[in-house]
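S.K.: Following this message is one structure expressed as structure tokens.
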Amino acid sequence: MTERRTSLFENGLIWFGAAVSLAEILTGTYLAPLGFGKGAAAILLGHIIGCGLLFLAGVIGGKTRKSAMETSKMSFGKIGGMFFSLLNILQLFGWTSIMIYDGAIAADGIWSVGKTIWCIIIGLLIIVWIAVGIKNLEKLNIIAMSALFILTIIMSVVIFGSSGAGSEIFETMSFGAAVELSIAMPLSWLPLISDYTREAKAPVKASAVSAAVYGIISCWMYFIGMGAAIFTGEYDIAAIVLKTGIGVVGLIIVVFSTVTTTFLDAYSAGVSSESVFSKINGKWIAIGAAALGTVGAIIFPMDNITDFLYLIGSVFAPMIAIQIADFFFNKKNSEECSFDWKNLVIWTVGFILYRLLMRVDIPVGNTLPDMVITIILVLATKGFFNPVSAKKIENIPE
């Protein structure tokens with residue numbers, strides 16, 4: 001029986017849903033102190049960098065037909081790769097809780113029935129999305145994405161057509177910090193994109209479509225958040241929605257954008273778990289992630305996610321840098337060994353370097369310099385013309 005491959009349209013829908021997110025809008029509000037001109041430049045530069053990396057990560061998984069965490073074994077070994085799988089599962093559980101929490105808080109600010117009730121509603125909808133399955137979601141996604149597209153346009157028109165004076169701008173954020181916050185969101189998807197491009201008919205084209213659709217829509221979400229903060233003077237998403245006067249429309253955007261984005265986190269938690277425990281059913285882990293994320297959102301406060309974003313960057317930026325160097329330059333595959341100790345040491349250096357660079361104001365943010373240095377270390381220690389145990393990737397459509 002021939003395995004069904006996803007089309008470019010389906011991949012585009014998946015990443016449209018990933019980008020229409022409260023987290024993206026809320027992160028955009030943080031850039032308001034720069035003013036619209038500088039803020040827009042930071043958003044665009046950050047997304048060019050972040051989505052370029054997202055594309056490369058997608059190509060690696062698409063060409064090898066491996067999930068994101070299975071590809072990590074090619075650079076870090078069978079057991080070394082499992083370490084990153086476990087880290088990824090933990091961050092996906094965290095993202096699931098954060099997204100449900102943010103969605104519930106925003107929804108309750110629009111229609112007050114209690115945060116707990118909204119957490120349960122959103123959690124159940126995510127479980128429905130998982131149960132339907134990614135390969136059967138095309139029609140459901142078309143309906144949901146069409147509605148979100150129309151409603152988000154309405155929200156954009158209301159915000160940017162506002163005649164309000166807005167808030168006075170005090171530049172308290174550096175341009176480099178704003179770029180890093182713009183890189184942070186696409187960077188957070190690096191450990192997930194291969195879970196979807198591996199199923200694509202044309203993996204390279206699917207990676208390009210995925211990165212482009214995500215980048216364009218993510219920029220749009222950032223602009224909405226930043227514009228709302230500047231033009232309405234509000235930084236809280238519920239207050240922004242209420243101030244624009246689109247209560248019911250805003251509520252629909254809040255709930256369904258949360259579901260379509262968080263579905264990807266829960267689904268990938270299941271896929272990553274299969275890299276660690278081969279005999280388990282990833283769908284049940286995904287459902288469990290949605291259920292536990294709902295409980296976590298009910299119990300724990302999760303109001304500030306910037307430190308969480310930076311932690312994800314410090315873990316996964318050097319990881320994907322090493323994979324890029326190995327796959328595209330060294331043509332190297334270490335999945336037959338238990339550990340690739342040199343790469344694990346280089347990753348540790350990259351992790352520490354990222355944390356140190358956070359203290360330095362660099363106009364392009366700290367992710368790009370960290371990854372460039374990490375790639376140079378890989379090439380210097382492995383030897384540019386000395387591939388080790390390479391496996392050729394053949395007969396993969398472009």
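S.K.: With the chain treated as a Gaussian network of Cα nodes joined by springs under 10 Å, which of A18, A147, A286 yields the largest mean-square fluctuation?
M.R.: It is A147.
S.K.: Okay, next question. Could you derive backbone 3J(HN,Hα) for segment 304-311 from the dihedral phi with the Karplus parameters 6.51, -1.76 and 1.60 (θ = phi - 60°), listing whole Hz in sequence and x where the residue is Gly or Pro?
M.R.: 10, 10, 5, 5, 5, 4, 5, 5
S.K.: I would also like to ask the following. If amide H atoms are built 1.01 Å from N in the plane of the peptide, which residues on other chains or at least 5 residues away come under 5 Å of the amide H of D340?
M.R.: Residues meeting the criterion, in which the H sits 1.01 Å from N, are G77, G80.
S.K.: Please rank T260, T29, T381, fewest neighbouring Cβ atoms within 10 Å first, as an exposure proxy. Walk me through the numbers on the way to the answer.
M.R.: Details: T260 26, T29 21, T381 13.
Going from least to most buried by this count: T381, T29, T260.
S.K.: Tell me, what ³J(HN,Hα) does each residue in segment 18-32 have, in order and in whole Hz, if you take phi through Karplus 6.51 cos²θ - 1.76 cosθ + 1.60 with θ = phi - 60° and put x for Gly and Pro?
M.R.: With the stated coefficients, segment 18-32 comes to 5, 7, 6, 9, 4, 4, 5, 5, 5, 5, x, 5, 5, 8, 4 Hz.
S.K.: Which residue, chosen from I280, I89, I48, occupies the Cα position most advanced towards the positive end of the dipole of segment 8-382, where the dipole is computed from +1 (Lys, Arg) and -1 (Asp, Glu) charges on Cβ about the Cα centre?
M.R.: I280
S.K.: Quick one: among L22, L242, L92, which has the greatest mean-square fluctuation in a GNM of the chain with alpha-carbon springs under 10 angstrom?
M.R.: Highest fluctuation among the options: L242.
S.K.: Extending each Cα 7 Å along its Cβ direction at S112 and V364, get the distance between those two points in nm, one decimal.
M.R.: 4.9
S.K.: Based on other C-beta atoms within 10 Å, arrange I376, I320 from fewest to most.
M.R.: Numbers: I376 13, I320 26.
Sorted ascending by nearby Cβ count, the order is I376, I320.
S.K.: Using the Cα centre as the reference, give the magnitude of the dipole from point charges on the C-beta atoms of the chain (Lys, Arg: +1; Asp, Glu: -1; all else neutral), rounded to the nearest 20 debye.
M.R.: 1200
S.K.: Quick check: residue separation of V345 and L124 times 0.36 nm, minus the Cα distance between them. What number comes out in nm?
M.R.: 75.4 nm
S.K.: For the chain, set up a GNM with springs between Cα atoms under 10 Å and report which of A380, A289, A131 has the largest fluctuation.
M.R.: A380
S.K.: If you fit an axis through the alpha-carbon atoms of helix 282-299 and take the longest principal axis of the Cα set of the chain, what angle between them do you get, 0 to 90°, nearest 10?
M.R.: Helix 282-299 sits roughly 40 degrees off the main axis of the chain.
S.K.: Going through the cross-link list K73/K205; K283/K331; K201/K382; K78/K382; K205/K331, which pairs have a Cα-Cα distance over 27 Å in this structure? Show your work: numbers first, answer last.
M.R.: Working: K73/K205 24 Å; K283/K331 33 Å; K201/K382 33 Å; K78/K382 19 Å; K205/K331 21 Å.
Listed pairs above 27 Å: K283/K331; K201/K382.
S.K.: What percent does the relative contact order of the chain come to when contacts are Cα pairs within less than 8 Å and at least six residues apart?
M.R.: 34
S.K.: Take R5 and L356, extend 7 Å from each Cα along the Cα→Cβ direction, and tell me the distance between the two endpoints in nm.
M.R.: Result: 4.4 nm between the two label points.
S.K.: Counting other C-beta atoms within 10 Å, which of Y214, Y235, Y354 has the fewest, and how do the rest follow?
M.R.: Details: Y214 29, Y235 15, Y354 24.
In order of increasing Cβ crowding within 10 Å: Y235, Y354, Y214.
Each value in this text was obtained by applying a stated rule to the coordinates, not by laboratory testing. The model shown is predicted, which means the values in this text are computed figures rather than measured ones. Note: ideal-geometry Cβ built from the backbone for every residue, glycine included; neighbour counts use all protein chains shown.
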